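Okay, structure first, notes after.
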Amino acid sequence: MSSLVNEAKSVRLRRTQSVNRAEDISHEERKERARQPDKPIHQPNDSLLSSSSGYENYRGFLNLCIVLLVLSNGRVALENIIKYGILVDPVQWFTMFLGEPRYVPTLYLLLIYNVFVLVAYEVEVALFKNIVSEKTAMLIKVANLTAILIYPAGYVTIASVSPIIASIVLSTYITLFMKLISYGQVNSWCRLDRSGHKSSSKRRRSVSANVSHTANGVSESALVVYPNNINLRDLYYFLFAPTLCYELNFPRSGRIRKRFLLARILEMLFLMQLILGLIQQWVVPTIRNSMTPFRDLDYSRIVERLLKLAVPNHFIWLIFFYWYFHSCMNIVEIGRASCRERV
């Protein structure tokens, strides 16, 4: 009896390994099944939706979601047209923007925009000619950049202009603020490099694939060096380019792709009208109908109104994203800018 107990203790007990995948059938069993006369065709596989199946092509589900999205939002759009009729009026936007005198003063801000540009340009010219010192130029730059931020915001606040027009103008000035910082900093690096002092904060230079190229049969020179870049044409090209980082030599394509440019212009005009039409047809009536629930603090109706407004809001933002970052930004095809990735 004691010998049996000792043998039992000497035996190492192991737990059988659990099998959770159909592919874990032994290789020998598969070979044995393959020899059967019934010519088996079934293979051990997990179901497609199992995480262990390795199946990753869910394009069909995506197509189904798109179909459901189109059907549900199509019904809402049709309901809107049946309830309110056609409210789209392209002429109304031009009348609102240009027809009322209170919108005209905002256009003056776009003209004053050039004053700040000329100040930044004259400072760089004075620095190159050693007319002013670096410290004096820095004070002028700081004053100019501060005015770019303060003057338009103060003018818009005092004049009580349209929020839409004010947003466009202020966005333009904020972009100018960041561009002029980059313009002054890069020229400062160039002056240090020209005087023999290396800057430790210098940005790594981007290099175009082709140093020189031929445009419309005319061979163009290779690289612009400081101070040949200090001219208004170069500065306004940078302000027009869809980037915040100034360089002496932007990558340029060999020609203007006219069909591509025409397609972007037509896209820009069509999508802009589509955005304005969605606002007139879908957003404005929904907001008008939301005034009563907000006034009565009817929270269930408020949530219902917000959810109803979320649908056109998402459509407008998606269309605006494509319109601005693809259609509008690619208008720089006029200037043969070939770098469209970095901004």
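Could you order the peptides 145-158, 115-128, 256-269 from most to least packed, using the average number of other C-beta atoms within 10 Å per residue?
115-128, 145-158, 256-269
Ranked highest first by average number of other Cβ atoms within 10 Å, how do 316-322, 171-177 line up?
For the peptides 316-322, 171-177, the packing ranking is 171-177, 316-322.
On the first, second and third principal axes, largest extent first, how far apart are the outermost C-alpha atoms of the range 103-182 in Å?
Extents along the principal axes, in whole Å: 44, 19, 17.
Please give the solvent-accessible surface of C190 in Å², to the nearest 10, using a probe radius of 1.4 Å with every protein chain present.
30
The values are calculated or read from the model by the stated rules, or taken from the named source; none is laboratory data. Source: prediction; values computed, not measured. Counting neighbours? That spans all protein chains shown, and the Cβs are built from the backbone with ideal geometry, glycine included. Accessible surface is based on the protein model in full, side chains and every heavy atom, while ligands, DNA and RNA are left aside. Shrake-Rupley method; radii C 1.70, N 1.55, O 1.52, S 1.80 Å.
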